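**Q** One structure, as structure tokens, below. Some questions next.
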Amino acid sequence: MDKGCRQVVVALGSNQGDRLTLMLKALRLLVQNFEGYFALSSLYETPAWGFESAPFYNACVGIESHASPHEVFEKLVQIEQHLGRNRSSSKTYEARTMDLDVLFYDDLVFEDTVLTLPHPQIEKRNFVLYPMAEIASDYVHPRSGKNMQQLRDSSADASTVHQLPFSHWTSSLFDRYPFIAIEGNIGAGKTTLAQLLAKRYQVPILLESFLENPYLEKFYEDAQTYAVAVETFFLKDRIIQGQDFSKTQPEGKGVSDYTLYKSAVFAQQNLKGGAMDSFMEAYQKGIATYKHPDLLLFLEAPTTVLLDRIAHRARTAEKNIEADYLDRIAQQYETFLAAPQHFPVVRCDTTNSDFEKDPKALDQLLMRVILTLNT
């Protein structure tokens with residue numbers, strides 16, 4: 001974290017309209033207006049506190065900011081207004097599209113006519129204590145001297161708090177983007193991520209049958225001789241797979257660990273002259289019937305990390321892949337990403353993501369994706 005940044009914890013709440021959408025919009029605006037976030041709780045559904053109304057969605061997020069406490073507060077008010085709330089001068093509680101409160105600003109203890117820090121009602125509210133204990137159980141309240149876990153366990157608030165799975169934050173992903181494709185260099189983690197998404201969201205999956213290419217291993221041993229054969233086989237196979245998948249899922253949801261654009265990316269590196277011209281003619285015919293994804297997740301990691309992953313999975317066909325080849329493929333992908341696309345593209349750094357061993361890795365990646373998108 002930037003040494004000049006302060007760690008600020010903000011409480012979010014909504015009980016009017018589409019609560020999940022409003023909470024996500026608030027999070028996105030917080031990330032856009034401050035320097036980032038370092039912690040995020042699950043969503044909690046809680047009864048209205050202090051008045052009769054529809055239940056709330058509540059959460060806590062830790063943000064980083066160079067702004068002063070009052071500047072943070074003013075920005076939160078602006079975000080509330082943007083999301084349809086105008087703070088009333090009345091002291092009574094009321095339903096709201098969005099409620100944003102500064103809970104902590106580092107360890108600052110402060111009070112004036114506008115702002116009290118820490119927030120004076122924290123110890124009385126389960127809808128704050130539960131998400132706070134989730135993201136910072138050992139953090140000690142500067143006034144009480146008790147940590148968040150202790151305050152939660154000793155709370156006098158009798159209201160019921162229902163914690164939703166963290167994945168609920170991203171539960172609407174495939175509703176907004178029915179067909180999601182994943183791209184990236186060799187070893188980026190495309191297949192593993194696609195399988196996890198298909199399992200979590202119960203959507204059909206399209207996996208590339210690259211090991212069925214009879215020229216692949218020979219290509220890595222003698223690229224010049226087998227380049228045309230390996231790329232031609234891949235192109236035909238990808239076109240057929242894509243067409244078959246579209247027929248079985250014409251309007252439905254799905255996830256794929258590749259796109260047909262991959263053929264052009266690799267061909268640009270591996271083919272030259274007339275061979276490239278003939279290939280691109282066939283490619284253009286295929287892309288004309290290709291079902292474009294609604295969202296493309298592009299996974300990336302340093303070449304050293306990719307080589308480690310390739311070595312770990314120990315596929316015979318990949319044993320001769322070298323760093324220079326991966327670097328050149330990465331450059332071709334950069335050219336592809338720089339061109340205008342028919343769909344949103346989110347670049348995802350997977351350097352430190354172990355989707356197989358770390359159950360939080362998927363949630364962390366998906367939250368970054370959700371917060372990057374503008375809809």
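**Q** Can you tell me the 0 to 90 degree angle between the C-alpha axis of helix 303-313 and the longest principal axis of the chain, rounded to 10?
**A** The two axes meet at around 80 degrees.
**Q** Next question, about the same structure. Carbon and sulfur together cover what percent of the accessible area of region 158-269 at a 1.4 Å probe radius?
**A** Values: 2640 of 4960 Å².
Carbon-and-sulfur percentage of accessible area, whole number: 53.
**Q** While we're looking at this one, here's another question. Heavy-atom accessible area per residue, region 213-274, 1.4 Å probe: how many Å²? Working shown, then result.
**A** Details: 2920 Å² over 62 residues.
Ligands and nucleic acids excluded, the figure is 47 Å² per residue.
**Q** Could you sort 109-121, 167-179 so that the peptide with the highest average Cβ count within 10 Å comes first and the rest follow in order?
**A** Numbers: 109-121: 12.8, 167-179: 17.5.
Highest mean packing first, the order is 167-179, 109-121.
**Q** Near residue 158, within a Cβ-to-Cβ distance under 12 Å, what is the net charge of the other residues, with Lys and Arg +1 and Asp and Glu -1?
**A** With Lys, Arg at +1 and Asp, Glu at -1, the net is +1.
**Q** Just list whichever of 25/291; 199/236; 199/291; 124/146; 262/360 have alpha carbons separated by over 18 Å in the model shown. Can you show the working numbers first?
**A** Numbers: 25/291 29 Å; 199/236 28 Å; 199/291 22 Å; 124/146 14 Å; 262/360 29 Å.
From the list (25/291; 199/236; 199/291; 124/146; 262/360), the Cα-Cα distance tops 18 Å for 25/291; 199/236; 199/291; 262/360.
**Q** May I ask what percent, to the nearest 5, of DSSP beta bridges between residues of the chain are antiparallel? Write out the running numbers ahead of the final one.
**A** On the way: 26 of 41 bridges.
In the chain, DSSP labels about 65 percent of beta bridges as antiparallel.
**Q** Follow-up question, since we're still on this one. Fully extended, how many nm does the chain gain between residue 144 and residue 351 (0.36 nm per residue separation, minus their Cα-Cα distance)? Could the numbers behind the result be given before it?
**A** On the way: separation 207, 0.36 × 207 = 74.52 nm, distance 4.03 nm.
That works out to 70.5 nm of additional length.
**Q** Would you mind getting the Kirkwood hydrodynamic radius of region 272-375 from its Cα pairs, rounded to one decimal in Å?
**A** Kirkwood radius, region 272-375: 16.6 Å.
**Q** Let me ask you something else. Find the Rg to Rh ratio for region 198-331, where Rh is the Kirkwood radius over alpha-carbon pairs and Rg uses the same atoms. It would help to have the intermediate numbers written out before the result.
**A** Details: Rg = 15.7 Å, Rh = 16.2 Å.
Ratio of gyration radius to Kirkwood radius: 0.97.
**Q** Then there's this: For region 126-279, what size does the Cα cloud have along each of its three principal axes, sorted from largest down, in whole Å?
**A** Answer, in whole Å and largest first: 77, 35, 23 Å.
**Q** Output the peptides 318-326, 262-270 sorted from most to least packed, where packing is the average of other Cβ atoms within 10 Å over each peptide's residues. Walk me through the numbers on the way to the answer.
**A** On the way: 318-326: 14.2, 262-270: 21.0.
Result, highest mean Cβ count within 10 Å first: 262-270, 318-326.
**Q** Quick one: dipole size for region 1-73, taken about the Cα centre, charges +1 on Lys/Arg Cβ and -1 on Asp/Glu Cβ, in debye to the nearest 20.
**A** Numbers: 5 positive and 7 negative charges, 19 e Å.
In debye, rounded to 20, region 1-73 gives about 80.
**Q** Eigenvalues of the Cα gyration tensor times 5, then square-rooted: what semi-axes does that give for region 57-176, in whole angstrom, largest first? Walk me through the numbers before you get to the answer.
**A** On the way: eigenvalues 100, 92, 49 Å².
Taking √(5λ) for each eigenvalue gives 22, 21, 16 Å, largest first.
**Q** In Å and on Cα atoms, what radius of gyration and Dmax does the chain show?
**A** For the chain, the Cα-based Rg and Dmax read 25.1, 79 Å.
**Q** Shifting gears a bit: Per DSSP H run of at least 4 residues, take -39500 (n - 2.57); add these up for the chain, divide by its residues and hand me the 222 nm value, nearest 500 deg cm²/dmol. Before the final figure, lay out the partial values.
**A** Working: 13 runs with 160 residues, N = 375.
Counting only the DSSP helices, I get -13500 deg cm²/dmol.
**Q** Listed highest first by mean packing, meaning other Cβ atoms within 10 Å per residue, what order do 224-234, 349-359 come in?
**A** Working: 224-234: 18.5, 349-359: 13.5.
Per-residue Cβ counts within 10 Å, averaged per peptide and sorted highest first, yield 224-234, 349-359.
**Q** Still on this structure: Per residue of region 57-68, what does 6.51 cos²θ - 1.76 cosθ + 1.60 with θ = phi - 60° give for ³J(HN,Hα)? Whole Hz please, x for Gly and Pro, Karplus curve as stated.
**A** 9, 10, 6, 10, 9, x, 10, 10, 8, 8, 6, 6
**Q** So who's got an amide H within less than 5 Å of the one on residue 206, skipping anything under 5 residues away but keeping other chains? H placed 1.01 Å off N, in plane.
**A** Result for residue 206 returns 255, 256, 257.
**Q** Could you tell me which residue out of 268, 283, 332 lies farthest along the dipole of region 236-375 toward its positive end? Charges go on the beta carbon: Lys and Arg +1, Asp and Glu -1, centred on the Cα centre.
**A** Projecting each Cα onto the dipole axis, the largest value belongs to 283.
**Q** Let me ask something additional. Using Cα atoms only, what is the angle between the long axis of helix 261-270 and the major principal axis of the chain, expressed in degrees (0 to 90) to the nearest 10?
**A** Helix 261-270 and the main axis of the chain meet at about 50 degrees.
**Q** Okay, next question. Work out how much length residue 78 to residue 223 would gain on full extension: take 0.36 nm times their residue separation and subtract the Cα-Cα distance, in nm to one decimal.
**A** Details: separation 145, 0.36 × 145 = 52.20 nm, distance 5.80 nm.
Value of the extension gain: 46.4 nm.
**Q** On a 0 to 90 degree scale, rounded to 10, what angle separates helix 126-136 from the longest Cα axis of the chain?
**A** 50
**Q** Around residue 217, what is the net charge, scoring Lys/Arg as +1 and Asp/Glu as -1 over all other residues with Cβ under 14 Å from its Cβ?
**A** -1
The values are calculated or read from the model by the stated rules, or taken from the named source; none is laboratory data. In this text, all values refer to a predicted model and were calculated from it rather than measured experimentally. When we count neighbours, we look across all protein chains shown, and the Cβ atoms used for this are built from the backbone with ideal geometry, even at glycine. Note: areas computed on protein heavy atoms with side chains; ligands, DNA, RNA excluded. Shrake-Rupley method; radii C 1.70, N 1.55, O 1.52, S 1.80 Å.
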